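Heads up: the structure comes next, in structure tokens.
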Amino acid sequence: MSNYKINSLYSGAGIIVTYKCSAACLHCCYSSSPKRSGDYMSKDTADKIFALLKKMGCYSVHIGGGEPFMNFDKLLEVCKSAREHNISIDYIETNASWFTDNISVSDKLKNLISAGVDCLLISIDPFHNEFVPYIKIKNLLKCCEKNGMGTFLWQSKFERIIRQLDEHATHSLSEYEDIFGGDFIKSISESYGLGYNGRALRILEKFTKDKKPYDYFLRDNQCGDRIKSLHHFHVDMDENLIPPSCNGFRANIFDLCSGGLNSDKYIYFTSVINNGLEELFKKAKDLGFIPKSEGYASKCALCFDMKKYICENIKAKTGLEPVDIGPAGFFTES
């Protein structure tokens, strides 16, 4: 079969500048955490990626992580690179954990505005509140307003819940359950509209009583289309395109946009493209994968289990991760 190649990209792409984060939220589909590598997108990598995005018809991005503000100097370099390549930044995602004082934060905001950034997406929900007190969000909002930086809360509907608790403290999810009831996590997860992947699979596993045997999910033939979807795709600091809703799969964006993905190199990515989840299962089984006897909560849970096994198996044998599955930290921190 011919190489899978893409000829254009949608605007609105996500740029993952780092997977390291000051929080380890239960709902995080990228499994970001303080334990993840501190690797951060370099200016040279940003220049290459933005030049390619522009060439492929993508004229705007948002910046996320991880927590982008873990390394402000490098964040500023990425923003300046986008401006140099005439790529607009729709917003930068942040959990506000980096707020310290008005003077130093104002200085950061002014530098970002000078680099062409005019909006921050500030995360607010009970998951983040386990790690970030509400007062930091309130103070960042005020500081942004004072300095002319636009903001919006994601998701703002959770603010009315968060502000009922002590704003100067963090609050565990078990504390929320004690106050609002035992189905609180399930309720807010459904309200959030979560895509259950990465660490968020823990939520799905906990509340799914009727698990299905692995072969039930192998009948689904839509995974090939999902992994090829380019709506709201992300590109990380290692130059990999991460398909929407298919975290744990990756493909070098320059390969995708030039010669395409060769099935000899991108064994697992292309197997799903060509023959869906059943083909990935065959390849995982050939390596020794045994599906869970208790079944799975979703096809993504089965896929995650297979990808984790493949990544660990290949790395144990060769010392290297598969080029199209990883990074390893995604699985160890999930």
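The values are calculated or read from the model by the stated rules, or taken from the named source; none is laboratory data. This structure is a prediction, so every number in the text was calculated from the model and none was measured. All Cβ positions, glycine included, derive from the backbone under ideal geometry; neighbour counts span all protein chains shown. Accessible surface is based on the protein model in full, side chains and every heavy atom, while ligands, DNA and RNA are left aside. Shrake-Rupley method; radii C 1.70, N 1.55, O 1.52, S 1.80 Å.
Being free of Cβ contacts under 8 Å to residues at least 40 places away in the same chain and more than 30 Å from D125 (Cβ to Cβ) is the filter; apply it to region 16-54 and report the residue that is least open to solvent (accessible area, probe 1.4 Å).
Looking only at region 16-54, we keep the residues that are free of Cβ contacts under 8 Å to residues at least 40 places away in the same chain, and these are 34, 38, 43-44, 46-47, 50-51, 54.
Still in the list and also more than 30 Å from D125 (Cβ to Cβ): 43-44, 47, 50-51, 54.
Values: K43: 54, D44: 113, D47: 36, F50: 1, A51: 46, K54: 70 Å².
Only one residue tops the list, namely F50.
Is there any pair with a first residue in region 242-268 that is in contact (Cβ under 8 Å) with a residue 40 or more places away in the chain and part of a loop (DSSP other than H, G, I, E, B) and a second that is surrounded by 18 or more Cβ atoms within 10 Å (Cβ to Cβ) and among the polar types (S, T, N, Q) whose Cβ atoms are under 7 Å apart and which are 6 or more apart or on different chains, and what are they?
S245/N197; R250/N240; S263/T270
Tell me, please, whether a residue that is closer than 14 Å to C143 by Cβ and in a helix (DSSP H, G or I) can be found in region 91-103.
Within region 91-103 (the criterion being closer than 14 Å to C143 by Cβ and in a helix (DSSP H, G or I)), the answer is yes, since at least one residue qualifies.
Can you find, within region 221-237, the residue that is farthest from the chain's Cα centre (by Cα) among those that are part of a loop (DSSP other than H, G, I, E, B) and surrounded by fewer than 15 Cβ atoms within 10 Å (Cβ to Cβ)?
The residue in question is N221.
Just to be sure I understand, how many residues within region 284-304 are under 21 Å from N197 (Cα atoms), out of contact with any strand residue (DSSP E or B) (no Cβ under 7 Å at 6 or more places or on another chain) and touching a residue at least 12 places away in the same chain (Cβ under 8 Å)?
Qualifying residue count for the region: 12.
Just name the residue that is nearest to L140 (Cα to Cα) out of those in region 167-184 that are open to solvent by 60 Å² or more (accessible area, probe 1.4 Å) and in contact (Cβ under 8 Å) with a residue 24 or more places away in the chain.
Across region 167-184, the extreme among qualifying residues is H168.
Quick check on S271: is it of a type in the set (S, T, Y), free of Cβ contacts under 8 Å to residues at least 40 places away in the same chain and in a loop (DSSP other than H, G, I, E, B)?
no
Among the numbered criteria (1) in contact (Cβ under 8 Å) with a residue 40 or more places away in the chain; (2) open to solvent by less than 20 Å² (accessible area, probe 1.4 Å); (3) touching a Phe, Trp or Tyr at 6+ places or on another chain (Cβ under 7 Å), which single criterion is violated by F331?
(3)
Residues being in contact with a helix residue (DSSP H, G or I) (Cβ under 7 Å, 6 or more places away or on another chain), farther than 20 Å from D101 by Cβ and open to solvent by less than 30 Å² (accessible area, probe 1.4 Å): count how many of those fall in region 112-149.
Total satisfying the criteria: 6.
So if I check each of S97, S106, S156, which one is within 22 Å of the chain's Cα centre (by Cα) and surrounded by 15 or more Cβ atoms within 10 Å (Cβ to Cβ)?
The match here is S97.
Check region 262-284 and report whether any residue there is acidic (D, E) and closer than 29 Å to C25 by Cβ.
No: zero hits.
What number of residues within region 46-69 are in a helix (DSSP H, G or I) and over 22 Å from C246 (Cβ atoms)?
Filtering region 46-69 down to residues in a helix (DSSP H, G or I) leaves 46-55, 68-69.
Right, trim to over 22 Å from C246 (Cβ atoms) and you get 46-48, 50-51, 54-55, 68-69.
Going through region 46-69 one residue at a time, the tally reaches 9.
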